[in-house]
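Asker: Input: one structure, supplied below.
Values quoted throughout were computed directly from the atomic coordinates according to the rules given, and no laboratory measurement underlies them. Being a predicted model, the structure only gives us computed values, none of them experimental. Here the Cβ positions follow ideal geometry from the backbone for every residue, glycine too, while neighbour counts run over all protein chains shown.
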Amino acid sequence: MSLFDKNISEEKLRSLELAEESREQEWKYPSFALKLFHGVVDSRLIDPFPAQSAEDKKIGDDFLRKLEALLRAELDPDEVDRTGQIPKKLTDELGKLGAFAIKIPKEYGGLGFSQVNYNRAIHLVASYCGSTAVLLSAHQSIGVPQPLKLFGTEEQKKKYLPMFGQGVISAFALTEPEAGSDPRSMSTTATPTEDGKHFLINGEKLWCTNGLIAGVIVVMAVTPPKVVNGKERKQITAFIVETNAPGFEIVHRCKFMGLQGIQNGLIRFNNLKVPKENIILGEGEGLKLALMTLNTGRLTIPAASTGISKWCLKVAREWSAQRVQWGAAIGEHESIALKLGYMASHTFAMDAISWLTASMADDKKKDIRIEAAIAKYFCTVHTWNIVDETLQIRGGQGYEQASSLKARGMKDYPVERVLRDVRINLIIEGTTEIMHLFIAREALDPHLSRVKALMDPRVSIGKKIKSLVNAGLHYLLWYPKMWMPVWGSGAFSSGPLQQGHASYVRRASRRLGRVVFHQMIKYQKKLESKQSVLNRIVDIGSDLFVMAAVCSYAQHLQKGGSEKENSVDLADLFCREARKRIEKNFKSTNSNNDKKKIRVSKKLLAGEFAWLESDIIK
Ligand SMILES: Cc1cc2nc3c(=O)[nH]c(=O)nc-3n(C[C@H](O)[C@H](O)[C@H](O)COP(=O)(O)OP(=O)(O)OC[C@H]3O[C@@H](n4cnc5c(N)ncnc54)[C@H](O)[C@@H]3O)c2cc1C
């Protein structure tokens, strides 16, 4: 669906308008991934690979040592899974360590760490206990610290940030029973009091992680509408809500497939009074705040996923070497060896993009909205595959609970718990499907902003002609470039193996630029709703971005002259695998079964295949 498509319903149009108004309109800084979708590989943005400075690394190393010692001493993840409780002693000690104020500047009582060191901490915790990693990251990747750091007033920062250094926990409340991926369906209201000094919040928020133990929560609520171009526009505003205020109610603690230790539930606001000073960013800016908070907040999930994948790699390696079946260690059977190759190469790729994107966030001179979304999408999908493959490699013992394994004297790898814990990452902080739409919208932006005026019925003929001329001139110069041959690999790779892959990235980027352009001409206004087409474009761009990151990372590791020199093998395998996927996606752009699938889906939804659901217990 598109804003300019006359056939879409009024409701869909309103949701799209709200999403459109809430997105960051400008590209203040360059984005490597954005350029990649338009045929340009700007290697200066990723090469040389941004190494952590020795000073910053030491700060991180010291903290990680203490954190690991604390986790080993006070946390049994299987006990958390069984009891549904993260021990109070652990959260108290984490508070004393500053683990709830990792990124908060020192002047506000935090540790003042870089994004890289924060991500290293979450990577470590996630490799051990999913529930504890989510407790820490929901609090400071999306909870009160992050939006306050980005948009808070000095008064708000002084009032709230110091409490996190003392161990207070926060949460982020956007989702409601009827508002999941589409925030316009939100019905929690914030009504100004007569004197205009306060707002009264009423409504319910669902699945609010940490919501049951938080001291403060960022709450998105609907404030009175504004009239824009003669039409009423829904306003969503972000408030800092203190949970000890009268009117705050915990209705229900939710239980899930995994992450048994998280304190997540349904919370209710009954005329909860908040001063207007507690609005962050401004009235009506709540959704923009949520989206911009997530641009950096989203980087924690890739780091956590990488930690989990590395743990899986260790389990799979040990078990594949140890377990003997049919006269050989299972790792020597080709089916298992193929899995191990996939796991190692893709874990390496996750390592590359996790640290690249975290460093980009620290650098603050690059736009990372697409990169962060790709990192989230890529790492969560492959981590899910990797955990699944680890379970398969462990065979029956993969399916057995760790406590049961331990009771009969076996090695108690908790793979089934990890599988249950990790699945949610494909849903939270933007589902995989929404990540595709988000990446596609941002990637198409340079084209859309050029033709926006042409497609908008509200724009005058004069302005349309001017836009047409400007767009025509641009495409006259740009399009032939997309057909020009590419020589060499560009700057981001000098090793012989990477060179071939890096030059492939440059060629494929131009091809992608052409494909995007051709699809725009083919579908015009309808391209924004052609998710089947957009998904492939996004998948190609994502794999190309990861390939570039992988080449640059391997290059960087080789310079170190250490045991990591053989990272080139991992980089080479990853790139070969990615190239196969990319070629398949290019091919499927024109030859696929999409129409047939959609036709079957329509019939299914209409109940025409109800007969297939026979002989089951309904
Ligand atoms: C354990 C857990 C922790 C959470 N923590 C928080 C939290 O701390 N704070 C918070 O605010 N929320 C939180 N959430 C909510 C989470 O962010 C939502 O579940 C998520 O946004 C998806 O919303 P939904 O589940 O209602 O799915 P829906 O939006 O109903 O989507 C259902 C399916 O349809 C797909 N879909 C929806 N729209 C489209 C579209 N336009 N095109 C294609 N596909 C589409 C989705 O991708 C999904 O596959 C949490 C949820 C869970 C389960």
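Asker: What does the extension gain come out to for ALA51 and ASN590, with contour length at 0.36 nm per residue minus their alpha carbon separation? Please list the in-between numbers first.
Answerer: Details: separation 539, 0.36 × 539 = 194.04 nm, distance 4.09 nm.
Working it through step by step, the gained length comes to 189.9 nm.
Asker: From the C-alpha coordinates alone, can you work out the Kirkwood hydrodynamic radius of the range 444-539, in Å? Write down the numbers at each step before the final one.
Answerer: Working: mean 1/r = 0.0648 Å⁻¹.
It works out to 15.4 Å.
Asker: For the range 146-302, what ratio Rg/Rh do Cα atoms give with a Kirkwood hydrodynamic radius?
Answerer: That ratio is 0.95, to two decimals.
Asker: Net charge around GLU55, counting only other residues with Cβ within less than 14 Å of its Cβ (Lys, Arg = +1; Asp, Glu = -1)?
Answerer: On the way: positive: LYS57, LYS58; negative: ASP56, ASP61, ASP62, ASP362.
Here the charged neighbours net out to -2.
Asker: A further question on this structure: Does anything in the range 210-231 have its amide N under 19 Å from the 7 Å Cα→Cβ label point of GLU17, and if so which residues?
Answerer: From the range 210-231, the list is 222-231.
Asker: For the chain, state what percent of all Cα-Cα pairs lands in each successive 10 Å bin, counting from 0 Å until the bin that includes the largest distance.
Answerer: In order of increasing distance, the bins hold 3, 15, 25, 26, 20, 9, 2, 0, 0 percent.
Asker: How large is the Kirkwood hydrodynamic radius of the range 541-611, counting all unique pairs of alpha carbons, in Å?
Answerer: On the way: mean 1/r = 0.0657 Å⁻¹.
Value: 15.2 Å, from the Cα pair sum.
Asker: Now, a different point. Note down the net charge around HIS123, summing +1 for each Lys or Arg and -1 for each Asp or Glu among other residues with Cβ under 10 Å from its Cβ. Mind showing how you got there, number by number?
Answerer: On the way: positive: ARG120, LYS310; negative: ASP351.
Combined, the nearby Lys, Arg, Asp and Glu give +1.
Asker: Just to confirm the filter: which trypsin sites (Lys or Arg not before Pro) across the range 10-69 are DSSP coil and have at most 12 other Cβ within 10 angstrom of their Cβ? Can you show the working numbers first?
Answerer: Working: sites: LYS12, ARG14, ARG23, LYS28, LYS35, ARG44, LYS57, LYS58, ARG65, LYS66; in loops: ARG23, LYS28.
Sparse-neighbourhood loop trypsin sites (Lys or Arg not before Pro): LYS28.
Asker: Given the -39500 (n - 2.57) contribution per DSSP H run of 4+ residues, what per-residue ellipticity at 222 nm results for the chain, rounded to the nearest 500 deg cm²/dmol?
Answerer: Values: 22 runs with 342 residues, N = 618.
Rounded to the nearest 500, the figure is -18000 deg cm²/dmol.
Asker: Report the net charge of residues surrounding ILE201, where surrounding means a beta-carbon distance below 13 angstrom and charges are Lys +1, Arg +1, Asp -1, Glu -1. Please list the in-between numbers first.
Answerer: On the way: positive: LYS205, ARG268, LYS273, LYS276; negative: GLU176, GLU204, GLU242, GLU249.
Net charge in that neighbourhood comes out at 0.
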